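Worksheet: one structure, shown below.
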Amino acid sequence: MPRFYTEEHEWVEVDGEIATVGITDFAQGQLGDIVFVEVPDTGVELTKGGDAAVVESVKAASDIYAPVDGTVTEGNSALEEDPALANSDPEGEGWFFRMTLSDKAQLDGLMDSKGYKAYCDAL
Amino acid sequence: MSDTEDMDEGAVAIETATLPLDAWHRAKGARMVEFAGYWMPIQYEGIMAEHLWTRENAGLFDVSHMGQLNLSGDGVVEALEALVPGDIAGLKPGRMRYSLLLAEDGGILDDLMITNEGDRFGIVVNGAVKWDDIAHLREHLPDQITLNHLDEQGLLALQGPKAAEALTTLVPAAADLVFMQFVRATWQGHEIGLSRSGYTGEDGFEISLPHAALPAFADALCAMEAVKPIGLGARDSLRLEAGLPLYGHDLDPAIDPVEGDLGFAISKRRREEGGFPGAARILGHLADGAPRKRVGLSVDGKMPVREGAKIFDGEEEVGVITSGGFAPSVGAPIAMGYVPTGLSEVGTALAAEVRGKRVAVTVASTPFVPHKYVRKTGA
C-alpha cells in the first residue's frame, strides 16, 4: 500500500478509500517520551493543514495536522491505554486515526518515503 | 507536528551564550535548547529515563547558567536583611538558607540560596534573572558592600541516592556535610565550593568550580557507574514532583512569599521585627491569610495539564496553572497553580481547562514524591 509523508512529519497510508495517519519515527524521536495522545472523534471533518490530534510528551504538547481533507472514521483507542506505542511503534501499531479521502489528488503534493528520508537528512 | 510552546515573537533577539561545558554536552549526545539566554542540554537519552535514573542513582546537572555572586564588607548582614526576609544574622558559617529577593511591595524578584562562607556571603540566583538581580543589588546595597559576580565559576549539581557515595570518592569532604551545609575543598588543585543542596528533592550536592576544571570534573563523575548526565527536562519534572516552585513560572513579582506558600522563608525573628521589603503586606498575609495560594494539584486521567491552563471551581474561573506535566515517578500528570486560599485545602476538587475541555484536578499535599534530604550526619 502506498505511504506518503508530510513536511510536518506525519505519514499517511492509503488503502482504497481509507487513509491511516500517524507520526513518523523521526517525529517521535524529536518529541521524546510520549505520555498522552488525543485522537479525533469519529465523524470529525478534517481539513488539510488543520488541527487533527494532539500529542503530549513529558515536556510539551504538539499539534498534529490533517495531511489531507476527509472525515475521521476511527481513532486508535490503543493509544489511550498505552501512549508509549507512539514511541515504540510509530509507523505501525502507534497510528493515530483513520480517515476518508475527499480529494485523492491532494496526495500528489506529499512526499514518498525516499523523498521524506532526503527531507529529514537535510534538517 | 508543531510545538505549541512557541517562542515569544516579540522578544528582543539577544545572542544565545554557550555554557563552559557546551562541547561536553554535545559530545555526550545532548539535545541543546535555548534557555535563560544559554544553549542548554534539555535531554540526553530521554526525560523519563533520566528522571528515574536520578531518583534511583545519581544525576549530574549543569547549572552553570545560574548566577554565582558573593557579598562582603562592613554591615553585609544588615544590608542583606534589608533586601531578603531570611534571618541572615542567625546564619552560622558553613550554613545556607533558601531566601527571596523582594521588591518594595513584597513581590518576589527571585528565589535564591544564601550561604555564610565565613568571610563573605555566597548567593546563587536564577539564570534567567541574574542580570536583573545584580542590578537590583548594586542599586540597593550600600557603597561599602562589595558585590562580586563569579562569572568564571561553573556550577554542577549531583543529585540522587548515590550522589554522596559518588562525590565522596572525588572529594572526601562531601561526606561531612548534611543538608544545607557548605564547605570549601580542593580537587586536583582547584578550589571548589561544595554544598549539600539541590532542587530535585533528592539528597545531593551543588559544586562550584572554575570553568577550566569543569570538563575533567564532570568526566570523573560520569566515569562512575552510578552517575549519568541529566538534562533540564528532567530537572524540571524532578523539582515539580518535589513541590518546588520555579521562578518565572510559579513565582514572579506579582506574588508575595505567603501567596507563594514560602512562609517558611520568612524567619521567626524577621516576622517579629519586620524591616524587609513589603513587610506590611507580607506580615498581614501571614497573620490573616493571603487571598490566594500556590498549591499542588493531582490530575485525573493521563492528559497533562500545563502552565497557563485556567482553574475552575464549578463554572467560576478561580486560578491558573503555573507548572504542570507528566510526573515520571508518580506515573501520572501533576501540576501546581494558584487558587483562592479558601480553595487551597488538600482534597478540594477543582477542574482545569485544557483545549476547551475540563479535566478534574484535586488539591494535593506536596511534595508529590517525599524529599530525601540528609539532615543528620550518618543518617
| field | Residues (under 30 Å from A:G22 (Cβ atoms), assigned to a loop (DSSP other than H, G, I, E, B) and at pLDDT below 95) located in region B:1-34 | value | B:M1, B:T4, B:E5, B:D6, B:M7
| task | Inspect all residues belonging to region B:123-137 and state whether any of them is of a type outside the set (K, R) and more than 21 Å from the chain's Cα centre (by Cα). | result | no
| query | Do we have A:D41 as more than 9 Å from every other protein chain (Cβ to nearest Cβ) and either crowded, with 22+ Cβ neighbours inside 10 Å or within 15 Å of the chain's Cα centre (by Cα) (or both) here? | reply | yes
| Complete set of residues in region A:55-68 that are facing another protein chain (nearest Cβ under 9 Å) and buried (at least 19 other Cβ atoms within 10 Å of the Cβ) | A:V55, A:E56, A:S57, A:V58, A:K59, A:A61, A:S62, A:I64, A:Y65
| message | Could you list, ordered by first residue, the pairs with Cβ atoms under 8 Å in which the first is in region A:1-21 and more than 14 Å from chain B (Cβ to nearest Cβ) and the second is surrounded by fewer than 16 Cβ atoms within 10 Å (Cβ to Cβ) and assigned to a loop (DSSP other than H, G, I, E, B), at least 6 apart or interchain? | response | A:P2/A:D112; A:R3/A:D112; A:F4/A:D112; A:E13/A:M1; A:E13/A:P2; A:V14/A:M1; A:V14/A:P2; A:D15/A:M1
| remark: Per the filter on region B:251-284, residues free of Cβ contacts under 8 Å to residues at least 40 places away in the same chain and either closer than 12 Å to B:L102 by Cα or crowded, with 18+ Cβ neighbours inside 10 Å (or both) are B:V258, B:D261, B:L283
| query | What residue, of B:G94, B:G75, B:G106, is small (G, A, S), within 27 Å of B:A185 (Cβ to Cβ) and out of contact with any Cys (no Cβ under 9 Å at 6 or more places or on another chain)? | reply | B:G94
| remark: In region B:331-379, anything small (G, A, S), surrounded by 12 or more Cβ atoms within 10 Å (Cβ to Cβ) and within 30 Å of A:P40 (Cβ to Cβ) is listed as B:A332, B:A335, B:G337, B:A349, B:A351, B:A352, B:A360
| remark: Filtering region A:88-103 down to residues that are out of contact with any Leu (no Cβ under 8 Å at 6 or more places or on another chain) and surrounded by 13 or more Cβ atoms within 10 Å (Cβ to Cβ) yields A:D89, A:P90, A:E91, A:W95, A:F97, A:R98, A:T100, A:S102
| query | Here is a list of conditions, (1) in a loop (DSSP other than H, G, I, E, B); (2) among the hydroxyl-bearing types (S, T, Y); (3) in contact with a Ser or Thr (Cβ under 6 Å, 6 or more places away or on another chain), and B:S329 meets all of them except one; can you say which number that is? | reply | (3)
| note | A careful count of residues in region A:71-117 that are among the hydrophobic types (A, V, I, L, M, F, W, C) and within 14 Å of another protein chain (Cβ to nearest Cβ) gives 6
| For region A:17-123, list the helices (runs of 4 or more DSSP H) that sit wholly inside it and hold at least 2 residues that are basic (K, R); which are they? | A:113-121
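With the condition being surrounded by fewer than 17 Cβ atoms within 10 Å (Cβ to Cβ) and in contact with a Gly (Cβ under 8 Å, 6 or more places away or on another chain), I'd like the strands (runs of 3 or more DSSP E) fully within region B:141-247 carrying at least 1 qualifying residues.
Ranges flagged: B:146-149, B:182-187, B:204-210.
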| Quick one: would you say B:D111 is at negative phi and surrounded by fewer than 20 Cβ atoms within 10 Å (Cβ to Cβ)? | no
| request: Would you check if there is a residue in region A:29-38 being over 21 Å from B:M303 (Cβ atoms), small (G, A, S) and within 11 Å of chain B (Cβ to nearest Cβ)? | output: yes
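The values are calculated or read from the model by the stated rules, or taken from the named source; none is laboratory data. The structure presented is a predicted model; accordingly, all values stated were derived computationally and were not measured. A quick note on method: Cβ atoms are made from the backbone with ideal geometry, for glycine too, and the neighbour counts reach across all protein chains shown.
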